[in-house]
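The values are calculated or read from the model by the stated rules, or taken from the named source; none is laboratory data. No experiment lies behind these values; they were computed from the predicted model shown. Using ideal geometry, Cβ is built from the backbone for each residue, glycine included, and neighbour counts are taken over all protein chains shown. Each accessible area value is taken on the protein alone, full model and side chains, heavy atoms only, with ligands, DNA and RNA left out. Shrake-Rupley method; radii C 1.70, N 1.55, O 1.52, S 1.80 Å.
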Amino acid sequence: MRDPVTSDPAAARPLRIAINLANAALVRIGEHDGEPHGIAVDLGRALGEWLDRPVRLVTFPSAGALMASVGDAGWDVAFIAVDPARADRVAYSRPYTRIEAVFAVRETSPLRNGDDVDRPQVRVASAAGAAYHGHLARSLRHAELSMVPTPGDALRLLCEGGCDVAAGVRQAVEAFAAQRTDLRLLPGRFMAIEQALAVPRQGTLGASVLDEFLAHAAAKGMIDDGAI
């Protein structure tokens with residue numbers, strides 16, 4: 001446990017942990033209790049224990065919704081992807097893990113690999129505010145990129161024929177495709193996404209505190225310090 005900072009009035013209230021429910025690599029909803037579980041939840045609770053503060057989870061349906069709330073002072077620490085476009089609003093810890101962004105297509109699609117995607121008349125859907133959406137906006141030169149509210153919306157749009165390719169985090173895309181016979185993933189990944197803890201730049205916690213916690217978490221075996 002870290003020595004409490006008694007001069008900080010925020011230390012007397014719960015630590016509000018922002019969780020992006022759309023990131024299936026970090027969080028899932030329990031089938032029996034309907035509550036969020038996963039590495040983001042476990043690390044968030046461990047951070048509260050380390051700071052000697054109770055924890056309250058604040059959930060969001062997407063990364064875009066989470067980032068839109070930064071100025072509302074509704075959370076203290078968030079589990080989000082490292083994205084340079086967010087650096088003016090949040091300060092990041094060092095990355096603690098890395099996940100993959102992948103493409104899904106319909107089974108009948110002529111596209112066979114990621115290099116086939118950036119072509120004229122190929123319609124790609126991805127989620128607003130997601131780190132991989134920013135990457136696609138910067139990297140795609142010929143394909144048509146459309147923005148939808150959540151990763152699930154991109155996959156549903158693909159099923160309905162509203163796009164040719166849906167982008168998303170591997171775990172979520174694989175789980176969705178496993179329930180259908182008309183979708184497949186393109187081989188490999190189009191992006192490796194570093195995941196970190198973040199604090200609002202106007203908040204009371206600093207990113208250096210998060211780095212201290214991650215060193216503690218690595219020493220306790222909660223994360224693999226060699227994964228990044």
Quiz item: Would you pick out the residues in segment 180-204 that are surrounded by 16 or more Cβ atoms within 10 Å (Cβ to Cβ) and either within 17 Å of Pro95 (Cα to Cα) or within 19 Å of the chain's Cα centre (by Cα) (or both)?
Solution: Arg189, Phe190, Met191, Ile193, Glu194, Gln195, Ala196, Leu197, Ala198, Val199, Pro200
Quiz item: Which of the residues that make up segment 158-177 are at pLDDT 95 or above and surrounded by fewer than 19 Cβ atoms within 10 Å (Cβ to Cβ)?
Solution: Cys159, Glu160, Gly161, Gly162, Arg170, Glu174
Quiz item: Can you pull out the residues in segment 140-152 that are over 11 Å from Ser62 (Cα atoms) and open to solvent by less than 50 Å² (accessible area, probe 1.4 Å)?
Solution: Leu140, Ala143, Ser146
Exercise. Please determine, by comparing only the residues of segment 205-217 that are among the small types (Gly, Ala, Ser) and either under 30 Å from Pro110 (Cα atoms) or in contact (Cβ under 8 Å) with a residue 24 or more places away in the chain (or both), which one is surrounded by the fewest Cβ atoms within 10 Å (Cβ to Cβ).
Key: Gly206
Self-check item: The one condition in (1) at pLDDT below 95; (2) in contact with a helix residue (DSSP H, G or I) (Cβ under 9 Å, 6 or more places away or on another chain); (3) within 30 Å of Pro14 (Cα to Cα) that Arg180 fails to fulfil
Solution: (3)
Quiz item: Got a sec? Which strands (runs of 3 or more DSSP E) wholly within segment 3-110 have at least 3 residues that are open to solvent by 40 Å² or more (accessible area, probe 1.4 Å)?
Solution: 55-60, 97-106
Practice problem: Would you please name the residue that is most open to solvent (accessible area, probe 1.4 Å), looking only at residues in segment 111-133 that are in a loop (DSSP other than H, G, I, E, B), farther than 19 Å from Val27 by Cα and not hydrophobic (A, V, I, L, M, F, W, C)? | Solution: Gln121
